[in-house]
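The values are calculated or read from the model by the stated rules, or taken from the named source; none is laboratory data. Just so we're clear, the structure is a prediction, and the values are computed from it rather than from any experiment. Methodologically, a virtual Cβ is constructed for each residue, glycine included, from the backbone with ideal geometry; neighbour enumeration extends over all protein chains shown. Keep in mind that these areas ignore ligands, DNA and RNA; they rest on the heavy atoms of the full protein, side chains included. Shrake-Rupley method; radii C 1.70, N 1.55, O 1.52, S 1.80 Å.
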Amino acid sequence: MATNKCKPLPELTAETIERFWDKVEKRGDDECWEWSGKRDKRGYGVVCIHQENWRANRIALCLQLGGDIGDMRSAHRCDNPPCCNPKHLFEATPKQNSEDAANKKRFQYGDKHWTKRNRNALKLGEKTHLAKITDNDVIEMIKLAHSGVFRKDIAK
């Protein structure tokens, strides 16, 4: 899973801000303001600033609040991924954002997550295509570690 750390917001010039809002279809104050530019596979607006991609809703919230929101998320009250209306956005911790999505039935986590209900469908250990060592290798490494062999020597 991705880290919960967010890269710092780049400096936004007046030109960048104007270019950003030009891609937002502003409507009534309480309506969704949809991003008209590029979107990611989940429907969130994507804006390129200084050759880096950013979620449009994050930029909209940062502009509304007057600065970077750090490791906080830009969550939607409206549940509309391309929406950039600052009235529909709020700061949330990663946990609050996940809980909000679960409460709105957008995804499930914990015991309700598909991996908990379908344990046989998961490929674990050496059965995954990314495995570089076998289950027996792991057992042998654990035995060596318990017998006092240094981990760097085991790794070699």
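If you take the residues in the range 31-48 that are loosely packed, with under 15 Cβ neighbours inside 10 Å and small (Gly, Ala, Ser), which one is modelled with the lowest pLDDT?
43
If you scan the range 88-123, which residues turn out to be modelled with pLDDT of 80 or more and part of a helix (DSSP H, G or I)?
Within the range 88-123, 88, 94, 95, 96, 97, 98, 99, 100, 101, 103 meet the criteria.
Taking the range 1-39, which residues are within 19 Å of residue 92 (Cβ to Cβ) and charged (D, E, K, R)?
Correct list: 5, 7.
Just give me the residues in the range 7-21 being over 12 Å from residue 47 (Cα atoms) and either part of a helix (DSSP H, G or I) or open to solvent by 80 Å² or more (accessible area, probe 1.4 Å) (or both), in sequence order.
7, 8, 11, 14, 15, 18 - these are the residues of the range 7-21 that are over 12 Å from residue 47 (Cα atoms) and either part of a helix (DSSP H, G or I) or open to solvent by 80 Å² or more (accessible area, probe 1.4 Å) (or both).
Tell me, please, whether a residue that is part of a helix (DSSP H, G or I) and either surrounded by fewer than 17 Cβ atoms within 10 Å (Cβ to Cβ) or in contact (Cβ under 8 Å) with a residue 24 or more places away in the chain (or both) can be found in the range 77-87.
Yes, some residue in the range 77-87 is part of a helix (DSSP H, G or I) and either surrounded by fewer than 17 Cβ atoms within 10 Å (Cβ to Cβ) or in contact (Cβ under 8 Å) with a residue 24 or more places away in the chain (or both).
State which residue pairs qualify: first residue aromatic (Phe, Trp, Tyr) and inside the range 36-48, second residue open to solvent by 60 Å² or more (accessible area, probe 1.4 Å) in any location, beta carbons under 6 Å apart, and separation of 6 or more residues or different chains.
Pairs that qualify, where the first residue is aromatic (Phe, Trp, Tyr) and the partner is open to solvent by 60 Å² or more (accessible area, probe 1.4 Å), are 44/55.
A quick yes/no check of all residues on (1) closer than 22 Å to residue 27 by Cα; (2) within 13 Å of the chain's Cα centre (by Cα):
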residue: 68; (1), (2): no, no
residue: 71; (1), (2): no, yes
residue: 85; (1), (2): yes, no
residue: 95; (1), (2): no, yes
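If you go through the range 127-150 one residue at a time, how many are open to solvent by 70 Å² or more (accessible area, probe 1.4 Å) and under 33 Å from the mean Cα position of the chain (by Cα)?
6
Return a yes/no flag: does the range 42-59 have any residue that is part of a helix (DSSP H, G or I) and over 20 Å from the mean Cα position of the chain (by Cα).
no
Out of 28, 70, report the one residue that is without any contact (Cβ under 8 Å) to a residue 12 or more places away in the chain, open to solvent by less than 60 Å² (accessible area, probe 1.4 Å) and not in a strand (DSSP E or B).
Matching residue, one of 28, 70: 28.
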